[in-house]
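Let me begin by presenting the structure, written as structure tokens, before commenting on it.
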Amino acid sequence: MSDLEARLADIVRADSGLMHVMTTIRSLDIPDWRVFSGAVYQSIWNAQTGRPAGYGIRDYDLGYFDPDTSWDAEDVVIKRVAAAFEPPFRDMVEVRNQARVHLWFEGKFGEPYDALRNTDEAPARFVAPAFAVGVRLEHDDSISVVAPFGLEDVFNLTLRPNPDRPLARGWTKAVTNALGRWPELTVIEPA
């Protein structure tokens, strides 16, 4: 584990909300799951800027991978996860089968999206390297990390577009939202 991964694990452990979500999800034995995106990078930004754990976190994105791409199968998992939480977490944990994303992404976001082979491939498609971070509480209580672009941008409070995809249609909105809560961010706009 790198120094930044160890720092991330410490930040995650200090965030009671994120740990509650991961402990609960782990107990459900959902296949190939990760909590990623906002709840992870925002926890780092909070730690880096001296804000309290949980500040700015609106939801917990839970990705998992089940080769059954039917809506019915995903709906079963969504309902199972919701039943495992009390409010407010019940409404904050957003569940998506990563095996299904290619079926709806273009219709919702106007961009093509190739099928994924597992959950850990998803963060490489996120809008920015700083957003492309996922964590999982393993059965031995270790925290595993997926960060296809590394963790430097997120720890350095740097937002830049994902270099491996066209500029996301939601880039400006994502930047505006992030700066509204963490004005310390440095934004590197596309050339």
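Short-range pairs are left out: with C-alpha atoms under 8 Å and at least six residues apart, the relative contact order of the chain is 20 percent. Database remark: amide H of Val187 closer than 5 angstrom to the amide H of Leu159 (H placed geometrically; neighbours at sequence offset of 5 or more, or on other chains; Pro and chain starts carry no H). Extension gain for Ala73-Glu94 works out to 6.0 nm (0.36 nm per residue, less the C-alpha to C-alpha distance).
Which values of log₁₀ I(q)/I(0), to two decimal places, follow from the Debye formula for region 138-191 at q = 0.25, 0.27, 0.28, 0.29 Å⁻¹ with a uniform point scatterer at every Cα? Normalising to I(0) and taking log10 leaves -1.07, -1.17, -1.22, -1.26. I want to verify a result. In a Gaussian network model of the chain, Cα cutoff 10 Å, which of these has the top mean-square fluctuation: Asp66, Asp75, Asp141? Greatest mean-square fluctuation among the candidates belongs to Asp141. The Rg/Rh ratio for region 3-187, using Cα coordinates for both the radius of gyration and the Kirkwood hydrodynamic radius, is 0.94.
How do Val154, Val101, Val187, Val35 rank when sorted from fewest to most other Cβ atoms within 10 Å of their own Cβ?
Least crowded to most crowded, the residues run Val187, Val101, Val35, Val154.
Which residues does a label at Phe109 reach in region 121-147, if reach means a backbone N under 16 Å from a point 7 Å past the Cα toward the Cβ? Once the point is set 7 Å along Cα→Cβ of Phe109, 121-134 turn out to lie under 16 Å by backbone N, inside region 121-147. Sparse packing (at most 12 other Cβ atoms within 10 Å of the Cβ) combined with a DSSP loop state is found for the following trypsin sites (Lys or Arg not before Pro) in region 112-153: Arg117. Neighbour counts of C-beta atoms inside 10 Å place Val93, Val175 in the sequence Val175, Val93, starting with the fewest.
Note that region 65-74 has calculated 3J(HN,Hα) couplings of 10, 9, x, 6, 8, 6, 4, 4, 5, 5 Hz, one per residue in order, obtained from phi through the Karplus relation 6.51 cos²θ - 1.76 cosθ + 1.60 (θ = phi - 60°); glycine and proline are x. Relative to one another, the C-alpha centroids of region 24-76 and region 95-141 are positioned 11 Å apart. Could you compute the net charge surrounding Arg96? Neighbours are other residues with a C-beta less than 9 Å from the C-beta of Arg96; K and R count +1, D and E count -1. Combined, the nearby Lys, Arg, Asp and Glu give -2.
We did not get these values from a lab; they are worked out from the coordinates using the rules stated. Quick caveat, the model's predicted, so the values are computed rather than measured. Cβ: placed from backbone, ideal geometry, glycine included. Neighbour counts: every protein chain shown.
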